[in-house]
1. Just the Kirkwood number for the stretch 191-346, please: inverse of mean 1/r across all distinct Cα pairs, in Å, one decimal.
2. Over the chain, what is the percentage of antiparallel beta bridges among all DSSP beta bridges, to the nearest 5?
3. What is the spread of the Cα atoms of the stretch 93-193 along each of their three principal axes, largest first, in whole Å?
4. I want to check the label-to-label distance for Arg344 and Lys128. Put each point 7 Å from Cα in the C-beta direction and report it in nm to one decimal.
5. What whole number of Å gives the distance from the Cα centroid of the stretch 170-206 to the Cα centroid of the stretch 294-314?
6. Could you work out the relative contact order of the stretch 58-161? I mean the mean sequence separation of Cα pairs under 8 Å and 6+ apart, divided by the number of residues, in percent.
7. Past 19 Å, Cα to Cα: identify those pairs from Lys162/Lys190; Lys39/Lys128; Lys85/Lys180; Lys99/Lys162; Lys99/Lys164, in the order given.
8. Using a 1.4 angstrom probe, figure out how much accessible area the chain has per residue, in square angstrom, rounded to the nearest whole.
Amino acid sequence: MTTDYRFLKACRNEPVDTTPVWLMRQAGRYMPEYNAVRKNVSFLELCHSPELCTEVTLQPIDILGVDAAILFSDILVPIEPMGMKLDFVPAPVFANPIKSQADVDRLRVIEPEADVPYVIETIKMLRKELVSRNVPLIGFAGSPFTLASYMVEGGGSKNYIKLKSMMWNAPEVYRSLMEKVSETVIRYLKAQIAAGAQAVQLFDSWGGVLAPADYLNYVMPYTMRVIQAIKTPGIPIINFVGNSQGIMPLVAQSGGDVIGVDWRIDIAEARRQVGMNKAVQGNLDPIALFAPIPEIDRKVKEIIVAAGDTGLVFNLGHGIVPETPVDHVKALVDSVHRHGESHRVK
Ligand code: CP3
């Protein structure tokens, strides 16, 4: 199995021929090709079909020329078989949010091969398809905290009142929920690696909504446990926490070979706080894709130069939004490859 891809080398902080780039939510509604598949099926039907997931995963590889594929699914997919009634309208909603210990006790820890066979099958199909494209495959899961936020709030949230109330008013309920979700995430990521994922990303999109002391106490132990448990030689782990500018050193301590950073911190400063031994992934503002192409090009160069000689995986600081112009996304990928090549260590 080759480990010579520029994406995997950058994850290991090794010199590369040019900077690798992939984009969070790179398969999605900004692409006409995705919408053509999506118009015939619901989002959950799409997530349950290995053939369709494989098709849409490959779209950004073939159309944009990005350096890694990310399994098409959603962070909430493994939560459904835990016993949560999930719907996308299009934002996710759970009809039976977790309110009490009895609700937590009713949750199952999943058996991935039996409960999400379509995800395992998608990974196997993708590995075959990606051989001729010479691109590695990233698997992923939500972090225990971000998943618990949806399960307790019943969907997305602005202030996380229910989740934070549970943390502080019923810490034993919160902790028993986090234990079950952590165990599900561990089994889920181990199964993805066993099926062929060549790197994995933990999405802690909402981990940055807590004060540093609360992140340390209520989030970090579970993130650390997951990262420790899934460690596999040759499989880099990317730890992405949204809004992490105030907790960078804690995020780095939680583990991961690559630390994902959003755009609210300068990438050079993020690297200083993370430590130069780890790679970083980021950190263009996704809305910068609405700027004129020469401005995008300038921002790309700035990030590549500031990040240092090795250990940058170029990405957006959060998912690409549906309104994004596709030609600007293509220009971004070209810019990264051009500036990455002229900046490379010779
Ligand atoms: O990156 C990829 O291309 C892989 C696919 C992927 C999706 N969601 C597809 C998706 C990944 C890695 C995710 C992760 C995800 N899902 C996160 C973490 C990353 C982040 O953005 O913070 C979160 C918080 C979710 C939960 C989620 N899923 C929300 C809030 C929504 C609705 C709002 C929105 O942005 O659309 C979804 C739906 C979703 N997930 C879509 C896609 C392509 C759109 C569904 C559609 O086609 O209608």
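1. 16.3
2. Close to 15 percent.
3. Each principal axis gives a Cα extent; for the stretch 93-193 these are 53, 28, 21 Å.
4. For the pair Arg344/Lys128, the computed spacing is 3.3 nm.
5. 31
6. On the way: 103 pairs, mean separation 39.0, N = 104.
Across the stretch 58-161, relative contact order equals 37 percent.
7. Beyond 19 Å between Cα atoms: Lys162/Lys190; Lys39/Lys128.
8. Solvent-accessible surface per residue comes out at 39 Å².
The values are calculated or read from the model by the stated rules, or taken from the named source; none is laboratory data. Small disclaimer: the values here were computed from a predicted structure and weren't measured. As a convention, Cβ positions derive from the backbone with ideal geometry for all residues, glycine included, and neighbour counts pool all protein chains shown. What goes into the accessible areas is simple: the full protein's heavy atoms, side chains included, and nothing from ligands, DNA or RNA. Shrake-Rupley method; radii C 1.70, N 1.55, O 1.52, S 1.80 Å.
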